[in-house]
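The values are calculated or read from the model by the stated rules, or taken from the named source; none is laboratory data. Remember, it's a predicted structure, so these values are computed and weren't measured experimentally. Please note: Cβ atoms are built from the backbone with ideal geometry, for glycine as well, and neighbour counts cover all protein chains shown. When the accessible area is computed, the model is the full protein with side chains, heavy atoms only, and any ligands, DNA or RNA have been set aside. Shrake-Rupley method; radii C 1.70, N 1.55, O 1.52, S 1.80 Å.
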Amino acid sequence: MRVRRIVILGLSVAVIVVLGLAWVMPPMDDFRLENPFWNGLSELDSRIHALEISDLARLMNLVLKPSESALLMLGPSEPFTDEEVDAVRGLLEAGGLVVLAEDFGVGNDLLEGLGVEARFSGGVLLDPFFKDRDSRMPRMIDFTASPHTRDLSALTLNYATVLADVGHDVRVLARSTAFSYL
């Protein structure tokens, strides 16, 4: 009987410890504002006090000053609806900035809806020489002079893709090296 109580007590303590750790550990989901690790956005949030938007169609209801706002869309995983495309177009027309960080082509729906010719290729950009940990993390070192690239000497991408069919009226801010390939 005594062994049974010890086992039950031990399991109870273990469950409480695990629940306590889950409560105090920060989220580790990629691109979460609360994630303090390399794949999170906590440093960005501490600098600009970002607002996480779960319903993109309500974007213009949440943005107080569109001309002073930037929308960061990181790795969208579902196709954009017509309402979401309209909301992004509204932000752009009001002077807002939109940054779409995409890797496998879901963002092409948004580009098409906005009338942008460029498309994400969907292939993974590799660079065997200019890289961080491995060739799937290429380093961009060629930047166009811009307020967006000022003081930037290198940018490491993680499982990135490339833009295809970029028109002549588009200003590319960063280029991969001549050693890069898909």
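Between F37 and R175, how many nm apart are label points set 7 Å from Cα along the C-beta direction? About 3.6 nm, to one decimal. The share of accessible area on region 39-182 that comes from carbon and sulfur is 51 percent, using a 1.4 angstrom probe. Looking at region 111-146, the chymotrypsin sites (Phe, Trp or Tyr not before Pro) that sit in a DSSP loop and have at most 15 other Cβ atoms within 10 Å of their own Cβ are F129.
You can think of it this way: the chain between L97 and V3 has 27.4 nm of extra reach, that is 0.36 nm per residue less the Cα-Cα gap.
Against the criterion of solvent-accessible heavy-atom surface with a 1.4 angstrom probe, K131, K65 sort, most first, into K65, K131.
Shape summary: the chain maps onto an equivalent ellipsoid whose semi-axes, from the alpha-carbon gyration tensor, are 39, 24, 16 Å in decreasing order. Of all the options L152, L125, L92, the one that moves most in a Gaussian network model of the chain with Cα springs shorter than 10 angstrom is L152.
Ranked by the mean number of other Cβ atoms within 10 Å of their residues, highest first, the peptides 158-167, 105-114, 9-18 fall in the order 105-114, 158-167, 9-18. Starting from the Cα gyration tensor of region 113-181, take the square roots of the eigenvalues, sort them a ≥ b ≥ c, and report rounded, prolate or oblate (rounded when a/c is under 1.5, otherwise prolate if a/b is larger than b/c, else oblate). It comes out oblate by the Cα gyration axes. Charges were assigned to the Cβ only: +1 to each Lys and Arg, -1 to each Asp and Glu. The resulting dipole of the chain about its Cα centre is roughly 1140 debye.
Excluding ligands, DNA and RNA, the accessible surface per residue across the chain is 70 Å² with a 1.4 Å probe. Result for the chain in a Gaussian network model with C-alpha springs under 10 Å: among R47, R136, R58, the largest mean-square fluctuation is at R47.
Between helix 82-93 and the chain there is an angle of about 60 degrees, using the helix long axis and the longest principal axis of the Cα atoms.
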